[in-house]
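J.: Before anything else, here's the structure in question.
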Amino acid sequence: MVQLTINGKQIEVPEGTTVLRAAEMAGIQIPTLCDHKELTPYGGCRLCIVEVQGFRVPIASCTLPVSNGMVVNTETPALKKSRKFILSMLFSERNHFCPFCQVSGGDCELQNAAYREEMTHWPMQPGWNGYPVDSSHPYFVLDNNRCILCRRCVRACAELAGNFTLSVAERGAASIIVADTNVPLGESTCIKCGSCVQVCPTGALIDRTSAYQGRETEITPVKSVCVGCSVGCTVTLRVRDNRIVRIEGDWEGAVNRGVLCEHGRYHPMTESRQRITTPLMKKNGKLEPVSWDEALGAIAEKFKALAGDAHNGAAAIASTRLPVEVLTAFRQLFAEKLGAEMVTSTEEGMTTAAVAALAEKQGPFEGRLEMLKTADTVLCIGANLARSHMVAGFFIKRALPKGMKLINIDPEGDELDDLADVALKNKPGSDLALIEGLKAIIIKENLGRVPMAVPNAEQVIAEAVQATGLSLESISLAARMLAHAISPVILYGKGITAKRDERLVESLYSLATLVGAIDKERMGLLSVKGEANSQAAAQLGLDKPFSLNGQKAVYALIGDDYVSKYLVERLSKAPYLVVQTAYESKLTEVADVVLPVTIWSEQEGHYVSMDGRVQKAEKVIQAPEDVRDNLAVLTEVAMRMNMPVKIDWQKSLHERKASVVIN
Ligand code: SF4
Ligand code: SF4
Ligand code: SF4
Ligand code: FES
């Protein structure tokens, strides 16, 4: 620990702490602009200058490490004068005519800093140069005229998203923020994560949907969970007048630490599907609006009559995007009370069934996503993290420049291939042969961390080469890289789990053990599960493949999810179909009854992330008038069938052994 004095206050902080953070720990605020707690200190704006006894000139506190006996002053008349001068320079450099800027009035850190320093004007002639405004991006606008060159956006793009799209072009006062080689942002390599917009302290990066929709003080922030996928990022929903104005990453988020991907930040803001706002029932071959009473009465009558007929009675399927409370009630009503055999979820266990089968045998064997942050080598197989579960992909991409090695295995190839140290495009269906081949090479070359035998290693290796269509050299390179790693992590996704082949998961498990990804202290094996509550659905046993085999009625609980063409094809064969959903779709077209229900932000409930975190999503807006809550509808259907449901979802989650520790 290091002892120092700031503004006469004696404090003790860990070695390596900057003076700025030490002051914060002691409750002393130093004004900043380029600093951001999730980014590497840059020391560009100089607003955080402090006086240090023995130093000739004031110095930036955000880049200055503490030392024993240091005496620091943060508020002196000279510092105040210097800060005013620095701010005057920043204001005069570009167009900072606040009344015309959408962040003016509380949302601009530059303006707020000026108020703090009691500035009333800036005494310098402003520069009248015009800088380019880039409005080519679908989600935000880059206005270099408001930029203070703090480079937070550049650092966020590199350090948080690992994308390196943004940089600074030109020099000195003419410097501007550009994408790639100064191409329009909308045509750049930007992956639309929005991290740059979230960190920009001024009006230089403007979010399109929330611009001019109200100041921060007029918008209520509500912490919640993203239901875009199973990563489990936490979000801050900015709400005004029963409307979500903007979605931001939660800087305190245990998984994502402020970062989101396009699916989490922007897709919910650009929803274009048509909402259903009244119950519908098929009459004379046409769906017509009816009362809730009529719709629920008809459903209850139909399904109650099918009670006890496990095979030919009812079937039911629910989306894995729904809260665990809803999934638990769903299972209880249809599987336990009604006794239907075909009760499952929309993913049909594609991403969890094989994993759950191994978990049944040996309990939790998968670790947490944090493992990716400390891994020195990652083997990524069958998980296209550049397109889905993107925040997990960011953890890998941002670590690559620091020396992490990546082995990417994907028959179709993906964007991570370009960044990988070894990219293997094996033939489809050859994953098992490849994993066994990797193991055999490691064992044969005596590189394993634990004793493991493979009878006939040469033959296994030859089979791997033949089955995968890859060269022996490339497979060997991957095997050696993984075996030589000190903290390896193996991450696998739908490419592996969708096959429902338990041998694949077992083979990966033994590879992970062989290379030390799993041992007494580490759980460096992770699977990417599909939707926000795929893990919960697996725990509830909702992981059967769905097929109709003479059932007389089907209840499809879709919520606000999308419906695949394949599912519509199968469900359209149902003699009687109830669809509980928020949006019109091909499925509602073939339904006999449609029940209009809440979307993710209109209901509360819990979600279990891919690595076992149980997190709560909040209700932040009121649903349209005749739309009902998903859980309330199920409960009402159950009541009308004289089969009331009583849910204890926490208990239900632990009925079955899980591949991850759930808490
Ligand atoms: S949205 Fe993300 S990827 Fe695109 S420029 Fe900003 S930080 Fe980089
Ligand atoms: S665009 Fe915003 S975050 Fe980027 S350098 Fe300019 S002011 Fe800073
Ligand atoms: S990675 Fe998943 S949980 Fe995170 S923001 Fe994207 S969609 Fe949401
Ligand atoms: S906050 Fe320290 S130099 Fe900008």
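J.: Within region 42-69, track down each residue that is open to solvent by 50 Å² or more (accessible area, probe 1.4 Å), within 27 Å of residue 196 (Cα to Cα) and either in contact with a Lys or Arg (Cβ under 9 Å, 6 or more places away or on another chain) or away from ligand 4 (no atom under 14 Å from the Cβ) (or both).
T.: Here is the first cut: in region 42-69, the ones open to solvent by 50 Å² or more (accessible area, probe 1.4 Å) are 42, 46, 51, 53-58, 63, 65, 67-69.
If we keep only those that are within 27 Å of residue 196 (Cα to Cα) too, we end up with 42, 46, 63, 65.
Once the filter is applied, which keeps residues that are open to solvent by 50 Å² or more (accessible area, probe 1.4 Å), within 27 Å of residue 196 (Cα to Cα) and either in contact with a Lys or Arg (Cβ under 9 Å, 6 or more places away or on another chain) or away from ligand 4 (no atom under 14 Å from the Cβ) (or both), region 42-69 yields 42, 46.
J.: Further, regarding this structure: Look through region 457-486, keep the residues that are of a type in the set (Gly, Ala, Ser) and in contact with a helix residue (DSSP H, G or I) (Cβ under 6 Å, 6 or more places away or on another chain), and return whichever of them is surrounded by the most Cβ atoms within 10 Å (Cβ to Cβ).
T.: Filtering region 457-486 down to residues of a type in the set (Gly, Ala, Ser) leaves 457, 462, 464, 467, 469, 471, 474, 476, 478-479, 483, 485.
If we keep only those that are in contact with a helix residue (DSSP H, G or I) (Cβ under 6 Å, 6 or more places away or on another chain) as well, we get 457, 464, 467, 476, 479, 483.
Numbers: 457: 18, 464: 25, 467: 18, 476: 18, 479: 28, 483: 23.
Among them, the one singled out is 479.
J.: Being open to solvent by less than 20 Å² (accessible area, probe 1.4 Å) and among the charged types (D, E, K, R) is the filter here; which residues of region 546-597 pass it?
T.: Across region 546-597, the qualifying residues are 560, 561.
This table checks each residue for (1) in a helix (DSSP H, G or I); (2) touching a strand residue (DSSP E or B) at 6+ places or on another chain (Cβ under 8 Å); (3) more than 16 Å from ligand 4 (Cβ to nearest atom); (4) in contact (Cβ under 8 Å) with a residue 24 or more places away in the chain.
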{"residue": "122", "(1), (2), (3), (4)": "no, no, yes, yes"}
{"residue": "137", "(1), (2), (3), (4)": "no, no, yes, yes"}
{"residue": "145", "(1), (2), (3), (4)": "yes, yes, yes, yes"}
{"residue": "150", "(1), (2), (3), (4)": "no, no, no, yes"}
{"residue": "155", "(1), (2), (3), (4)": "yes, no, no, yes"}
{"residue": "189", "(1), (2), (3), (4)": "no, yes, yes, yes"}
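J.: Looking at 261, 190, which is the one that is at pLDDT 95 or above and within 24 Å of residue 324 (Cα to Cα)?
T.: Working: 190 fails: within 24 Å of residue 324 (Cα to Cα).
So the residue among 261, 190 that is at pLDDT 95 or above and within 24 Å of residue 324 (Cα to Cα) is 261.
J.: Let me ask something else about it. Hey, does region 382-391 have a residue that's touching a residue at least 40 places away in the same chain (Cβ under 8 Å), of a type outside the set (A, V, I, L, M) and open to solvent by 30 Å² or more (accessible area, probe 1.4 Å)?
T.: yes
J.: Looking only at region 444-462, count every residue that is part of a helix (DSSP H, G or I) and closer than 21 Å to residue 512 by Cβ and tell me the total.
T.: Within region 444-462, residues that are part of a helix (DSSP H, G or I) and closer than 21 Å to residue 512 by Cβ number 4.
J.: Is it true that residue 433 is at negative phi, open to solvent by less than 50 Å² (accessible area, probe 1.4 Å) and over 22 Å from the mean Cα position of the chain (by Cα)?
T.: Yes, satisfied.
J.: Mind checking which residues of region 282-297 are of a type in the set (A, V, I, L, M, F, W, C) and open to solvent by 30 Å² or more (accessible area, probe 1.4 Å)?
T.: Listed by number, the list holds a single entry, 287.
J.: Which of the residues spanning region 568-584 are of a type in the set (A, V, I, L, M, F, W, C) and either modelled with pLDDT under 95 or assigned to a loop (DSSP other than H, G, I, E, B) (or both)?
T.: Hits for region 568-584 are 574, 582.
J.: So if I check each of 425, 397, 402, which one is buried (at least 22 other Cβ atoms within 10 Å of the Cβ) and among the charged types (D, E, K, R)? Walk me through how you get there before you give the answer.
T.: Working: 425 fails: buried (at least 22 other Cβ atoms within 10 Å of the Cβ); 402 fails: buried (at least 22 other Cβ atoms within 10 Å of the Cβ).
That would be 397, the only listed residue that is buried (at least 22 other Cβ atoms within 10 Å of the Cβ) and among the charged types (D, E, K, R).
J.: Could you check, for region 191-199, whether at least one of its residues is in a loop (DSSP other than H, G, I, E, B), closer than 25 Å to residue 162 by Cα, within 16 Å of ligand 3 (Cβ to nearest atom) and basic (Lys, Arg)? Break it down stepwise before answering.
T.: Going residue by residue through region 191-199, those that are in a loop (DSSP other than H, G, I, E, B) are 191-194.
Narrowing the set further to residues that are closer than 25 Å to residue 162 by Cα leaves 191-194.
With within 16 Å of ligand 3 (Cβ to nearest atom) added as a condition, the list becomes 191-194.
Applying the additional criterion that residues be basic (Lys, Arg) yields 192.
Looking for residues that are in a loop (DSSP other than H, G, I, E, B), closer than 25 Å to residue 162 by Cα, within 16 Å of ligand 3 (Cβ to nearest atom) and basic (Lys, Arg), one finds at least one in region 191-199, hence yes.
J.: Please enumerate the residues belonging to region 378-426 that are among the acidic types (Asp, Glu) and assigned to a helix (DSSP H, G or I). Walk me through how you get there before you give the answer.
T.: If we filter region 378-426 for residues that are among the acidic types (Asp, Glu), which is where we start, we get 410, 412, 414-415, 417-418, 421.
If the condition is that a residue be among the acidic types (Asp, Glu) and assigned to a helix (DSSP H, G or I), then 415, 417, 418 are the ones that fit.
J.: When the residues of region 169-185 are filtered to those that are open to solvent by less than 40 Å² (accessible area, probe 1.4 Å) and free of Cβ contacts under 8 Å to residues at least 24 places away in the same chain, which remaining residue is farthest from residue 155 (Cα to Cα)?
T.: By that ranking, first place goes to 169.
J.: Ok, one more. Looking at 258, 313, which one is more than 16 Å from ligand 3 (Cβ to nearest atom) and crowded, with 19+ Cβ neighbours inside 10 Å?
T.: 313
J.: For residues in region 221-275 being touching a helix residue (DSSP H, G or I) at 6+ places or on another chain (Cβ under 7 Å) and without any contact (Cβ under 8 Å) to a residue 60 or more places away in the chain, which is nearest to ligand 1 (Cβ to nearest atom)?
T.: 249
J.: Would you say residue 529 is touching a residue at least 24 places away in the same chain (Cβ under 8 Å), of a type in the set (Lys, Arg) and open to solvent by less than 10 Å² (accessible area, probe 1.4 Å)?
T.: For residue 529, the condition - touching a residue at least 24 places away in the same chain (Cβ under 8 Å), of a type in the set (Lys, Arg) and open to solvent by less than 10 Å² (accessible area, probe 1.4 Å) - is met.
J.: Here is a further query. Answer yes if at least one residue in region 70-88 is under 26 Å from residue 195 (Cα atoms), crowded, with 18+ Cβ neighbours inside 10 Å and not assigned by TED's automatic domain parsing to the domain that holds residue 142, and no otherwise.
T.: Taking every residue of region 70-88 in turn, at least one turns out to be under 26 Å from residue 195 (Cα atoms), crowded, with 18+ Cβ neighbours inside 10 Å and not assigned by TED's automatic domain parsing to the domain that holds residue 142.
J.: Can you tell me how many residues within region 200-220 are more than 16 Å from ligand 4 (Cβ to nearest atom) and in a loop (DSSP other than H, G, I, E, B)?
T.: Taking region 200-220 and keeping what is more than 16 Å from ligand 4 (Cβ to nearest atom), we get 203, 205-220.
Cutting the leftovers down to in a loop (DSSP other than H, G, I, E, B) gives us 203, 208-215, 219.
Residues flagged as more than 16 Å from ligand 4 (Cβ to nearest atom) and in a loop (DSSP other than H, G, I, E, B) within region 200-220 amount to 10.
J.: Looking for whichever is part of a helix (DSSP H, G or I) and within 16 Å of ligand 3 (Cβ to nearest atom) here; the options are 372, 327. Which one fits?
T.: 372
J.: Right, something else. Restricting attention to region 10-34, which residues are among the small types (Gly, Ala, Ser), more than 29 Å from residue 153 (Cβ to Cβ) and loosely packed, with under 14 Cβ neighbours inside 10 Å? First the steps, then the outcome.
T.: Taking region 10-34 first, the residues among the small types (Gly, Ala, Ser) are 16, 22-23, 26-27.
Now restrict to residues that are more than 29 Å from residue 153 (Cβ to Cβ): 26-27.
Matches in region 10-34: 27 only.
J.: From 462, 423, 478, grab the single residue that is under 22 Å from residue 510 (Cα atoms), out of contact with any strand residue (DSSP E or B) (no Cβ under 8 Å at 6 or more places or on another chain) and of a type in the set (A, V, I, L, M).
T.: Of the residues listed, the single one that is under 22 Å from residue 510 (Cα atoms), out of contact with any strand residue (DSSP E or B) (no Cβ under 8 Å at 6 or more places or on another chain) and of a type in the set (A, V, I, L, M) is 462.
J.: Taking region 206-219 as the region of interest, how many residues are free of Cβ contacts under 8 Å to residues at least 60 places away in the same chain and farther than 17 Å from residue 195 by Cα?
T.: Selection size over region 206-219: 4.
J.: In addition: Taking the condition aromatic (Phe, Trp, Tyr), within 20 Å of residue 37 (Cα to Cα), out of contact with any Phe, Trp or Tyr (no Cβ under 7 Å at 6 or more places or on another chain) and more than 16 Å from ligand 3 (Cβ to nearest atom), does residue 164 pass?
T.: Criteria met by residue 164.
J.: Further, regarding this structure: Looking at region 39-93, which of the residues that are more than 16 Å from ligand 2 (Cβ to nearest atom) and among the hydroxyl-bearing types (Ser, Thr, Tyr) is nearest to residue 398 (Cα to Cα)?
T.: Ranking the qualifying residues of region 39-93, first place goes to 63.
The values are calculated or read from the model by the stated rules, or taken from the named source; none is laboratory data. Fair warning: this is a prediction, and the values are worked out from it, not measured in the lab. Reconstructed Cβ throughout: ideal geometry from the backbone, glycine too, with neighbour counts over all protein chains shown. Just so you know, the surface numbers come from the protein's heavy atoms only, side chains and all, with ligands and any DNA or RNA stripped out. Shrake-Rupley method; radii C 1.70, N 1.55, O 1.52, S 1.80 Å.
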